[in-house]
Amino acid sequence: MMLKIGITGGIGSGKTVVSKCFQLLGIPVYNADDAAKKLMNENAQLRIILINHYGKDVFNGDNSLNKSWLANKVFNDDRKLQELNSLVHPIVADDYQKWLLLHKDAIYTVREAAILFETGLWKDLDFVILVDAPEALRIERVQLRDHRTIDAIKAIIQRQWQSDKKRTFAHAIIENDDQHLVLPQVMNLHSKFLNYGS
């Protein structure tokens, strides 16, 4: 039976770096956040749902998702953000199930998502890895990567579960704090998953 592994972590934790390590080892990785963005642009059913809910302004003139407009609509309101998630997540969940079928012969697969715990999706997985780093380092990384303000980054961090809470739910933790090497931690887990059930 194929193992379903989850990878999560707050913004700037380095979960995508860890996912890429697993990809380099030949493990299929489903990036839920990237899939959601793609589906919001390309999935006809989801596009209709979004237009019916938010109006035609949710898409630009070239039919691409109006990300900044939508973010301004929902980001500072928890209820509206949950509402958007409730529209998008069922379509992403269906896409993920189809993806799993494509990789049914894999020994294990990885699902990467920023809010795996917050949405309860971790309950459908066999094992969840938390990638973690000190908040100051995470803020520094996101500043370099996205050129966001410190206040904007802190606002995102506040909307995600804090590390202490995530650590209580995780089956394993990869420390990506610039003090520990990431690859040996990944290799240790990879070996564990390959030998699972043997």
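We did not get these values from a lab; they are worked out from the coordinates using the rules stated. Owing to the predicted nature of the structure, the values given are computational and were not obtained by experimental measurement. We place every Cβ from the backbone using ideal geometry, glycine too, and count neighbours over all the protein chains shown.
Points worth noting:
- The chain - Rg and Dmax from Cα coordinates, angstrom: 17.5, 55
- q = 0.18 Å⁻¹, region 74-150: log10 I(q)/I(0) [Debye, one scatterer per Cα]: -1.01
- In terms of its Cα atoms, region 2-72 spans 42, 27, 19 Å along the principal axes, sorted from long to short.
- Mean sequence separation of contacting Cα pairs (under 8 Å, at least six apart), scaled by the length of region 110-194, corresponds to a relative contact order of 38 percent.
- Cross-linked pairs Lys80/Lys154; Lys15/Lys67; Lys15/Lys166; Lys15/Lys38; Lys73/Lys166; Lys20/Lys80: Cα-Cα separations exceed 25 Å for Lys73/Lys166; Lys20/Lys80.
- All Cα-Cα separations within region 34-102 were binned at 10 Å from zero, giving a P(r) of 20, 54, 22, 4, each value a whole percent of the pairs.
- Relative contact order of region 34-102: 31 percent, from C-alpha pairs under 8 Å at least 6 residues apart in sequence.
- For the residues Ile107, Ile129, Ile150, a GNM of the chain with alpha-carbon springs under 10 Å puts the largest fluctuation on Ile150.
- Max mean-square fluctuation residue, GNM over the chain, Cα-Cα springs under 10 Å, options Arg148, Arg167, Arg159: Arg148
- Applying both filters, DSSP loop and at most 15 other Cβ atoms within 10 Å, to the trypsin sites (Lys or Arg not before Pro) of region 67-134 gives Lys104.
- Rounded, prolate or oblate (a/c below 1.5 giving rounded, otherwise prolate when a/b exceeds b/c) for region 99-198 by Cα gyration tensor: prolate
- Relative contact order of the chain, pairs being alpha-carbon contacts under 8 Å that are 6 or more residues apart, as %: 38
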